[in-house]
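The values are calculated or read from the model by the stated rules, or taken from the named source; none is laboratory data. Because the structure is a prediction, the values reported are computed rather than measured. Cβ: placed from backbone, ideal geometry, glycine included. Neighbour counts: every protein chain shown. For the accessible areas, the whole protein counts, side chains as well, though only heavy atoms, and no ligand, DNA or RNA atoms are used. Shrake-Rupley method; radii C 1.70, N 1.55, O 1.52, S 1.80 Å.
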Amino acid sequence: MATILITIFLLLFAAAELIFRLRMRMGATPVCFIVLFVVILLGAYGYFFESSPYGIVQPPIKYALSKIIMYGSPIILMLVATSFFKKPSSLFIHWFAGVFSALYTALFPLIGIYTVCSLGIDCL
């Protein structure tokens, strides 16, 4: 479990840095399309390559939607958060990426459980 959380933290940190840098260079609209494309790709990857035997017997739309929500929510939240800051310094970008990644990594298991339960796939 610790390796999964460390991997999630590192990926979120890199994504936050990348979204900040791309938004400062390209603007908001191209970055929105890139983020949408990445969210769809991550959802498809999660649906086709990380499916459990239990997930396969579930309705495919709900299962794919749960993967898109779980993988897409941090990226979309980062995109929204970056829109509040016009020209941040490099130090601020590093701090923001670290704090956001740490908070989301701590909340990721709860978000996953809540998403799967609210979609009716599985509840504890």
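Assorted remarks:
- With R₀ fixed at 25 Å, the C-beta to C-beta distance from Ile113 to Val80 puts the FRET efficiency at about 0.60.
- If only the Cβ of Lys and Arg carry +1 and only the Cβ of Asp and Glu carry -1, the dipole of segment 1-87 around its Cα centre is close to 360 debye.
- Apolar share of the accessible surface for the chain: 79 percent from carbon plus sulfur atoms, 1.4 Å probe.
- Per residue value of the accessible surface for the chain (all protein chains in place, 1.4 Å probe), Å²: 63 Å²
- Given charges at Cβ of Lys, Arg, Asp, Glu: the chain dipole, positive-most of Ala102, Tyr63, Ile19: Ile19
- Taking 4.7 Å between beta carbons as the limit, the unpaired Cys residues of the chain are Cys32.
- Applying 0.36 nm per residue to the separation of Thr3 and Val38 and subtracting their alpha-carbon distance, the gain on full extension is 10.3 nm.
- Solvent accessible area, Å² - Ser66, 1.4 Å probe, full protein context: 0 Å²
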